[in-house]
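Here's the structure we're looking at; comments come further down.
The values are calculated or read from the model by the stated rules, or taken from the named source; none is laboratory data. Note that the structure is predicted; figures quoted are calculated from it, not measured. All Cβ positions, glycine included, derive from the backbone under ideal geometry; neighbour counts span all protein chains shown.
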Amino acid sequence: MKITDAKVFVGGPAKNYVTLKIMTDQGVYGLGDATLNNRETLPAAYLQDYLIPNLIGMDPRNSEDIWQFFYRGAYFRRGPISMAAFGAIDMALWDIKGKLAGMPLYQLFGGKSRDGAMVYAHATGADLEDLMDSIAHYVEQGYKAVRVQCGIPGMPSASYAVPETKGEGKHYISDFSGIRPKVEVWDTDRYMRYMPGALAEIRSRFGPDLKILHDVHHRLLPREAAEFAKAVEPVGLYWLEDPTPAEDQDALRLLRQHSTVPVAIGEVFNSIYDCNKLIEAELIDFIRVAVTYAGGITHVKRIVDLAGLHHVRTGFHGAPSHSPLCMAAQAHLNAWAPNFGIQEYLVLGTPECDALFPSEHQMENGMVYVSDAPGLGVDFDEKEAARYSYAPGSHPVVRLQDGTLWNY
Ligand code: KDG
Ligand code: MG
């Protein structure tokens, strides 16, 4: 069996999904997602210029050897661009494998460990009351877990993932007004003073059962993160996400010494070598890698297995920038993983996405139920895809009040 061709599409409904389609001499094709938010053309170019010309003629069933060929063979290893490109190839090869076997991917991993996988929604508000309305909206829809982000009084700009004005949803993932980022101004002291009390009010409004998550988005220094984690401990968070940047894997030790708040990290990691120390030293509780830019199913499954040895559960990244293909790959892993925790969920279900990526994966009452279709269980409508093209976008950059550049 041979790979005969592969194509890359960039575009989508208000998003630049990077979709790979691999064709074979047996008529079976596979689909993968290489979307790297606001840098989409780069994995697309890597696929087109280097990886696809090498893929043609390979046996698609040898997904392990193909992964090793591209990873070890590149010489310059890792990094989000290459890992997103390999991730798409790997996803597509698993899709082909599942279709050849006539089985959904979770069966190839070892079958189902659960019927439905719990997901969390994003609630956001310009201020606390606005956020309370947003949380109530998701609770009414049956969500059991909600990530909460709100405006901080006196903060010079809207803080991470919150709108400027009440009642307005925040499209924080990409600003399509151009390639030059907007600047947001961040004030750590105001955040540290306000947010623990706001989280406590949310807990008292919604009661003990709601799973409350909060994303610090890498903004605190390790000592500040430890102080913040200690302050929010009485709230009983389901998790505190990215309290401090984790390039320094030892930075979490200080937080661990001062607090038992569950910590979730990893949405910007792209290999097992970014998180092996965090996992082995049991400094985190949830690993947040995405199948897309952590090298696909083959590599993420290794991370999940390592995590399982150390009581670390999964909480895969599911920002709106991930296409339904990545979300499907994660849904299959979520159905199987003995150490599944929760899934971030924002993408499936919009009419435009459903038309571009038809699938039978279901979402009901805050749970995702994986489809039994062979492979990933998602298709790609090329006629729909022709309606969309690449639109350059950017994340904001963050500065402190004196102008110092900070972490977005
Ligand atoms: O592209 C950046 C987003 O993926 C990121 O800001 C989303 O932090 C995020 C999250 O938790 O989904
Ligand atoms: Mg996050």
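Across the stretch 6-35, the number of residues qualifying as surrounded by fewer than 21 Cβ atoms within 10 Å (Cβ to Cβ), farther than 13 Å from residue 325 by Cβ and out of contact with any Ser or Thr (no Cβ under 9 Å at 6 or more places or on another chain) comes to 3. Scanning the stretch 354-401 for residues that are aliphatic (A, V, I, L, M), surrounded by 16 or more Cβ atoms within 10 Å (Cβ to Cβ) and farther than 30 Å from residue 210 by Cα returns 356, 373, 376, 378, 385, 398.
Say we look at the stretch 324-350 and pick out the residues that are at pLDDT 95 or above and small (Gly, Ala, Ser); which of these is farthest from ligand 2 (Cβ to nearest atom)? Ranking the candidates gives 335 first.
Among the hydrophobic types (A, V, I, L, M, F, W, C), in the same structural domain as residue 156 (by TED's automatic domain parsing) and more than 20 Å from the chain's Cα centre (by Cα): does that describe residue 386?
Answer is no for this residue.
Considering only the stretch 108-155, state which residues are within 16 Å of ligand 2 (Cβ to nearest atom) and not polar (S, T, N, Q). Scanning the stretch 108-155 gives 119, 120, 121, 122, 123, 145, 146, 147, 148, 150.
For the stretch 5-26, how many residues are basic (Lys, Arg) and at pLDDT 95 or above? I'd like the intermediate steps shown before the answer.
Let us first name the residues in the stretch 5-26 that are basic (Lys, Arg), namely 7, 15, 21.
Narrowing further to those that are at pLDDT 95 or above: 7, 21.
Residues flagged as basic (Lys, Arg) and at pLDDT 95 or above within the stretch 5-26 amount to 2.
Can you name every residue in the stretch 320-333 that is hydrophobic (A, V, I, L, M, F, W, C), within 13 Å of ligand 1 (Cβ to nearest atom) and over 10 Å from residue 345 (Cβ atoms)? Selection gives 326 alone. The set of residues in the stretch 299-323 that are farther than 17 Å from residue 83 by Cα, of a type in the set (A, V, I, L, M) and away from ligand 2 (no atom under 16 Å from the Cβ) comprises 306, 307, 309, 312. Filtering the stretch 337-348 down to residues that are surrounded by fewer than 23 Cβ atoms within 10 Å (Cβ to Cβ) and not in a loop (DSSP other than H, G, I, E, B), which residue is farthest from ligand 1 (Cβ to nearest atom)? Top of the filtered list is 340. Close Cβ contacts (under 9 Å, 6 or more residues apart or on different chains) running from residues in the stretch 394-408 that are hydroxyl-bearing (Ser, Thr, Tyr) to residues that are not in a loop (DSSP other than H, G, I, E, B) comprise 394/175; 408/184; 408/397; 408/398. Take residue 119 and tell me if it is within 19 Å of residue 208 (Cα to Cα), in the same structural domain as residue 192 (by TED's automatic domain parsing), of a type in the set (Val, Ile, Thr) and surrounded by fewer than 22 Cβ atoms within 10 Å (Cβ to Cβ). Here the answer is no, as residue 119 does not meet what is asked.
When 81, 3 are checked against the criterion of being out of contact with any Asp or Glu (no Cβ under 9 Å at 6 or more places or on another chain) and touching a residue at least 12 places away in the same chain (Cβ under 8 Å), 81 stands alone in meeting it. The residue that is surrounded by the fewest Cβ atoms within 10 Å (Cβ to Cβ), among those in the stretch 216-226 that are on the phi < 0 side of the Ramachandran plot and part of a loop (DSSP other than H, G, I, E, B), is 221. Checking every residue in the stretch 216-236 against the condition of being assigned by TED's automatic domain parsing to the domain that holds residue 135, over 24 Å from residue 401 (Cα atoms) and within 16 Å of ligand 1 (Cβ to nearest atom) gives zero matches.
Residue 250 passes every criterion in (1) modelled with pLDDT under 95; (2) within 12 Å of ligand 1 (Cβ to nearest atom); (3) acidic (Asp, Glu) apart from (2).
Among all positions in the stretch 201-210, there is no residue which is assigned by TED's automatic domain parsing to the domain that holds residue 123 and within 16 Å of ligand 2 (Cβ to nearest atom).
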